[in-house]
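Just so it is clear, none of the values below were taken in a lab; they were calculated from the coordinates. Keep in mind the model is a prediction, meaning the values are calculated, not measured. For neighbour counting, all protein chains shown are included, and Cβ atoms are generated from backbone atoms with ideal geometry for every residue, glycine included.
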């Protein structure tokens with residue numbers, strides 16, 4: 001039987017929006033230079049949209065609600081905590097995923113190059 005965190009992550013994967021589904025098609029199975037990402041990965045007390053352990057990289061996909069002041073503040077504290085755990089957090093808007101996925105792929109490759117991986 002799955003625990004509550006596993007059930008939550010599973011539900012989040014099943015309820016993902018268009019941008020998350022499209023990005024997952026680009027990331028899954030190591031399609032970007034062999035870097036393997038996982039969806040709705042628990043990191044500390046949070047769940048990251050996408051996580052790559054090897055790169056210590058988290059990708060967060062943001063809808064319109066992330067433009068609200070209280071959400072911007074919450075995202076800042078979340079990022080600070082995740083970076084304190086040794087992760088790099090890259091945030092992208094939904095429309096960046098659907099309209100310019102090349103920017104996301106370039107950001108991942110740039111991060112990997114900075115780590116010499």
Just name the residue that is surrounded by the most Cβ atoms within 10 Å (Cβ to Cβ) out of those in the stretch 98-116 that are closer than 22 Å to residue 17 by Cβ and free of Cβ contacts under 8 Å to residues at least 40 places away in the same chain.
107
Going through the stretch 20-53 one residue at a time, which ones are in a loop (DSSP other than H, G, I, E, B), in contact with a helix residue (DSSP H, G or I) (Cβ under 9 Å, 6 or more places away or on another chain) and closer than 22 Å to residue 117 by Cα?
31, 33, 36, 37
Could you grab the pairs with beta carbons closer than 9 Å, sequence gap of 6+ or different chains, first residue in the stretch 21-41 and touching a residue at least 60 places away in the same chain (Cβ under 8 Å) and at positive phi, second one part of a helix (DSSP H, G or I) and surrounded by 15 or more Cβ atoms within 10 Å (Cβ to Cβ)?
33/108; 33/112
